[in-house]
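Data first, discussion second: the structure below is written as structure tokens.
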Amino acid sequence: MRIDFNSDEALYVQLMNQIILGIATESIREGDPLPSVRQMADSIGINMHTVNKAYSILRQEGFIKLDRRRGAIICLDVDKIRAMEEMRQDLCVVLAKAACKGISREEVHTLVDEIYDEYSSCKKG
């Protein structure tokens, strides 16, 4: 996991994003265990509470499950309707920013296609 301590982005958000990107690129797969909160914190040099916050939000968002014996396990929630609604909310802001900057619909589509192609291995149907 790569954390940028100089970034304005919160450390727990960076950690969450790294885990999500790992899932999308299949470097982390369904059923894989994540390091314990303590191990993760020690390995990347952040506070255990920061890791715990990231893991808790990943659980709420359906990327991992927390098991008392096995710890954090990659377990994707395939609730497509909920995922689509969350994506809609996120995209509303991103597309509003694009419109304000004069980015065309075609440019947005091209960019989305390029990015989506990078993660096409995650398609579930």
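Numbers at a glance
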quantity	calculated
Check: the chain dipole with +1 on Lys, Arg Cβ and -1 on Asp, Glu Cβ, in debye	580
C-alpha long axis of helix 105-118 to longest principal axis of the chain, angle in °	30
Heavy-atom accessible surface of segment 10-125: percent carbon and sulfur, 1.4 Å	54
Protein-only accessible surface order, largest first, of Val37, Val51, Val93 at 1.4 Å	Val93, Val37, Val51
Nearest 10 degrees, 0 to 90: helix 48-60 Cα axis against the chain principal axis	60
Sparsely packed trypsin sites (Lys or Arg not before Pro) within segment 1-38, loop by DSSP, other Cβ within 10 Å at most 15	Arg2, Arg29
For the chain, built as a Gaussian network whose Cα springs stay under 10 Å, the top-fluctuating residue of Cys100, Cys92, Cys75	Cys100
Segment 59-100: Cα Rg divided by the 2.2 N^0.38 Å rule of thumb	1.63
Among Gln89, Gln18, Gln39, residue whose mean-square fluctuation peaks in a GNM of the chain (springs only between Cα atoms under 10 Å)	Gln89
Equivalent ellipsoid semi-axes - Cα gyration tensor, the chain, angstrom	29, 18, 13
For segment 15-125: accessible area per residue (Å², 1.4 Å)	73
In degrees, nearest ten, helix 80-100 long axis to first principal axis of the chain (Cα)	50
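The values are calculated or read from the model by the stated rules, or taken from the named source; none is laboratory data. Fair warning: this is a prediction, and the values are worked out from it, not measured in the lab. A quick note on method: Cβ atoms are made from the backbone with ideal geometry, for glycine too, and the neighbour counts reach across all protein chains shown. When the accessible area is computed, the model is the full protein with side chains, heavy atoms only, and any ligands, DNA or RNA have been set aside. Shrake-Rupley method; radii C 1.70, N 1.55, O 1.52, S 1.80 Å.
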